[in-house]
Amino acid sequence: MEIRYYNENDFINVLQLVNRSMEFDQFTEALLKENVTDDPDINTNLTYVAAENGKIVGFIMGVIRKRDNGDAGYVKLFCVDPDFRRKGIGTELYRKVEDQIRSAKVKSMRVYESYPNYYMPGIDPFYTEAICFFERAGYKKVGDTSNLEADLLNQEFDTAEEERKALEKGVTIRRAEKTDFEKMIDWTDKNFKGWISEVSNSFNNDPISLHIAFLENKVIAFSGYESNNKGTGWFGPMGTSEAARGKGVGGILLKRCLADLKKMGFKKSIIPWVGPIPFYMHYVNSKVKRVFWRYEKLLE
């Protein structure tokens, strides 16, 4: 068994491994590239493969993200071929990543929820072996969250009447334009710092995949789509200033984004890492599709 650093020549073999190993998830080349190659914090010292007779049978990617309260470590992607499990391969791969993150003086590690570039906001408990692995490694469950799914085919998302009522209150809502970029980055930095990258990504799409609500020419809310995990019908991020909450603005923004996704040909939309489940069910009849358990390990 050889454990070595991942390199770009391993990409297709890792793609095949991921799709063999993650029975509830399937990656395209573009999706894996976004999550591995295009991750702004990719680090060769935190990305490994395990090979047996030239066949890649294990992969792990760790990242260190800069946060307001210091650096945070993550296991971003991790899988072992089903035919090679319970042989210590996962343990060896994981140990190398944790050792490197410890040596960087990072105080904690979490699993998968490595926003802004992430695929899952925690461990799906149907991956029971992963739950057992990380609990044995000293991780403690610190919460849970859900991904919702909204049916797009059997709903209409016309917001004309809602927007008319909003306009009577001085609120205008429109798609972002190129000239809004600096304004949106500044507003997001002040209000929702963790979403700057995704807001920025939305301006790279054509059309721009961001809708904004204004009151007296000031941003009060926004929502976007296809700014993370592109090609999956991914909704978000979404943010509303406290002064604008409870006024229906968020519902309009949500529907505008889902209308765009429907026009793109998506049949369903993923609404990830959800807190207010009733909000999304009220506006677009979304249902819980997957549940994720969030884990953390303190390294001090």
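The values are calculated or read from the model by the stated rules, or taken from the named source; none is laboratory data. What you see is a predicted model; the values in this text were computed from it and never measured. Cβ: placed from backbone, ideal geometry, glycine included. Neighbour counts: every protein chain shown.
The table below gives the values:
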{"read-out": "All positions within the stretch 115-150 that are over 15 Å from the mean Cα position of the chain (by Cα) and either under 26 Å from residue 212 (Cβ atoms) or aromatic (Phe, Trp, Tyr) (or both)", "value": "126, 127, 133, 134, 139, 150"}
{"read-out": "Tabulated pairs, the stretch 235-247, first free of Cβ contacts under 8 Å to residues at least 60 places away in the same chain and farther than 15 Å from residue 189 by Cα, second acidic (Asp, Glu) and surrounded by 18 or more Cβ atoms within 10 Å (Cβ to Cβ), C-beta under 9 angstrom, 6+ apart or interchain", "value": "236/198"}
{"read-out": "Any hit, the stretch 205-213, residues being surrounded by 19 or more Cβ atoms within 10 Å (Cβ to Cβ), at pLDDT below 95 and under 17 Å from residue 245 (Cα atoms)", "value": "no"}
{"read-out": "Any pair with Cβ under 6 angstrom, 6 or more apart, that starts in the stretch 100-125 at a residue that is farther than 17 Å from residue 292 by Cβ and ends at one that is modelled with pLDDT under 95 and assigned to a loop (DSSP other than H, G, I, E, B)", "value": "107/300"}
{"read-out": "Any chance residue 44 is more than 28 Å from residue 300 (Cα to Cα) and of a type in the set (Val, Ile, Thr)", "value": "no"}
{"read-out": "Selection from the stretch 240-290 of residues that are part of a helix (DSSP H, G or I), under 18 Å from the mean Cα position of the chain (by Cα), among the aliphatic types (A, V, I, L, M) and outside the structural domain of residue 224 (by TED's automatic domain parsing)", "value": "277"}
{"read-out": "The stretch 69-84, subset touching a Gly at 6+ places or on another chain (Cβ under 9 Å) and not aliphatic (A, V, I, L, M), residue farthest from residue 27 (Cα to Cα)", "value": "73"}
{"read-out": "Residues within the stretch 164-183 that are within 26 Å of residue 204 (Cα to Cα), assigned to a helix (DSSP H, G or I) and in contact with a strand residue (DSSP E or B) (Cβ under 8 Å, 6 or more places away or on another chain), tallied", "value": "2"}
{"read-out": "Where residue 267 falls short, out of the listed (1) surrounded by fewer than 20 Cβ atoms within 10 Å (Cβ to Cβ); (2) within 27 Å of residue 62 (Cα to Cα)", "value": "(2)"}
{"read-out": "Test for residue 9: is it farther than 16 Å from residue 81 by Cβ and under 16 Å from the mean Cα position of the chain (by Cα)", "value": "no"}
{"read-out": "Given (1) over 24 Å from the mean Cα position of the chain (by Cα); (2) surrounded by 14 or more Cβ atoms within 10 Å (Cβ to Cβ); (3) among the basic types (Lys, Arg), number of the condition residue 107 does not satisfy", "value": "(1)"}
{"read-out": "The listed residue being out of contact with any strand residue (DSSP E or B) (no Cβ under 9 Å at 6 or more places or on another chain), in contact (Cβ under 8 Å) with a residue 12 or more places away in the chain and not basic (Lys, Arg), out of 224, 231, 194", "value": "231"}
{"read-out": "Candidates 35, 69, 53 - the one that is of a type in the set (S, T, N, Q) and closer than 24 Å to residue 231 by Cβ", "value": "35"}
{"read-out": "Any hit, the stretch 35-43, residues being aliphatic (A, V, I, L, M), touching a residue at least 40 places away in the same chain (Cβ under 8 Å) and surrounded by fewer than 22 Cβ atoms within 10 Å (Cβ to Cβ)", "value": "no"}
{"read-out": "Criterion: β-branched (Val, Ile, Thr) and either over 25 Å from residue 143 (Cβ atoms) or loosely packed, with under 14 Cβ neighbours inside 10 Å (or both) - qualifying residue of 101, 56", "value": "56"}
{"read-out": "Given (1) touching a helix residue (DSSP H, G or I) at 6+ places or on another chain (Cβ under 6 Å); (2) at pLDDT below 95, number of the condition residue 216 does not satisfy", "value": "(1)"}
{"read-out": "Boolean, residue 187 is closer than 28 Å to residue 289 by Cα and either in contact (Cβ under 8 Å) with a residue 12 or more places away in the chain or in contact with a Cys (Cβ under 7 Å, 6 or more places away or on another chain) (or both)", "value": "no"}
